[in-house]
Amino acid sequence: MKRAVLLIFTFCILLFSCSKDVYDIENLYNKIFALGHGGMGVGKAQYPLDSYEGIQKAISMGADGAEIDIQITKDSVLVCFHDKFLEEATDATGEIYTKYWDEIKDAAYKGDPYTTYKICSLEWLFAVSQDTIHKFTFDIKFNNPEQTAANRDIFQRALMRLIEKYHLEKNVTIESPSVDFLESFKQKKPGYNLFIYTDFDTALQTAKQLGLKGITVKADEVSADQVSEAHKAGIMVAVFSTTHRNHEEVIKKNIDIIQTDDLEDLLDRLK
């Protein structure tokens, strides 16, 4: 009898110790959107950052979508790539804005796990996937030092053509630290989801002034009270630089969008 009671007691202890936290999400959609950072994030050696394979893996795991870094070539091809220089992650060299797409389209990611993975254009990614369901954040890497109005316009027009071609208007967020880029974009397409990323106070002030949809800040540089302040103004908050180490803290801040480097852990917590 005592043995049976002990077994039941032990079972109850294990049951409650293994139970998950249930989060009461109170944000603008009463839901946290989980996006893989560049697909499966930094430090996940299985796939390179911003690769087609990494992005598709994130989606197949149940992510709401993915954050994708976007650059543009000399001939206006939008490329999914994070680093400033190609040689930082691939067997090619130079900066994307100085190259024609034909010069870099066969560039492969370096390292033993990545030898079969090539950089891809944004056009090819959506042509292959035909994905109009998931959410994507396009992090604009406008690396051309001659950030003239003409160069900015070319970048914006290329983005607009692709978004409209694949009917992504409601599912894509354009994210940039450049006020000029976002302001001129909004003038062309006032209904698009535009986010500014910088420090919280500057981002919130800018978002209010320009009528932007949201702001993006580093996860450990925003408080729950600040998130609430943004929500009261009708402005969404996205964060980056998150892993299993700070997911619980970030979730409790009622963030709207989490761009994570540890997708498996985040999805498990949000189940």
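No lab work stands behind these numbers, since they all come straight from the coordinates. Computed from a predicted model, the values in this text were never measured in an experiment. Neighbour counts run over all protein chains shown; Cβ positions are idealised from the backbone, glycine included.
Order the peptides 235-247, 145-157 from the highest to the lowest mean number of other Cβ atoms within 10 Å of their residues.
In descending order of packing, they fall as 235-247, 145-157.
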Legend entry - Value of [θ]222 nm, deg cm²/dmol, for the chain, DSSP H segments ≥ 4, -39500 (n - 2.57) each, nearest 500: -10500 deg cm²/dmol
Inset, instruction - Using the Cα centre as the reference, give the magnitude of the dipole from point charges on the C-beta atoms of the stretch 24-270 (Lys, Arg: +1; Asp, Glu: -1; all else neutral), rounded to the nearest 20 debye. - result: 800
Inset, instruction - On each of the three principal axes of the Cα atoms of the stretch 109-161, give max minus min coordinate, whole Å, ordered largest first. - result: 40, 30, 16
Inset, instruction - Take each complete run of DSSP H in the chain, measure how far its Cα atoms stretch along the helix's own axis, and keep only those covering 20 Å or more with mean Kyte-Doolittle hydropathy at least 1.0; list them. - result: 2-17
Inset, instruction - Past 23 Å, Cα to Cα, is the threshold; run Lys105/Lys188; Lys232/Lys253; Lys99/Lys135; Lys118/Lys271; Lys57/Lys135 against it and keep the listed order. - result: Lys105/Lys188; Lys99/Lys135; Lys118/Lys271
Legend entry - Relative packing of 111-119, 66-74, which averages over residues the other C-beta atoms within 10 Å, highest first: 66-74, 111-119
Legend entry - Enclosed volume per residue, in Å³, of the convex hull spanned by Cα atoms of the stretch 62-112: 95
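Report the rotationally averaged projected area of the stretch 51-160 based on its alpha-carbon convex hull, in square nanometres.
Working: hull surface 27.8 nm².
Directional mean of the projected Cα hull area for the stretch 51-160 stands at 7.0 nm².
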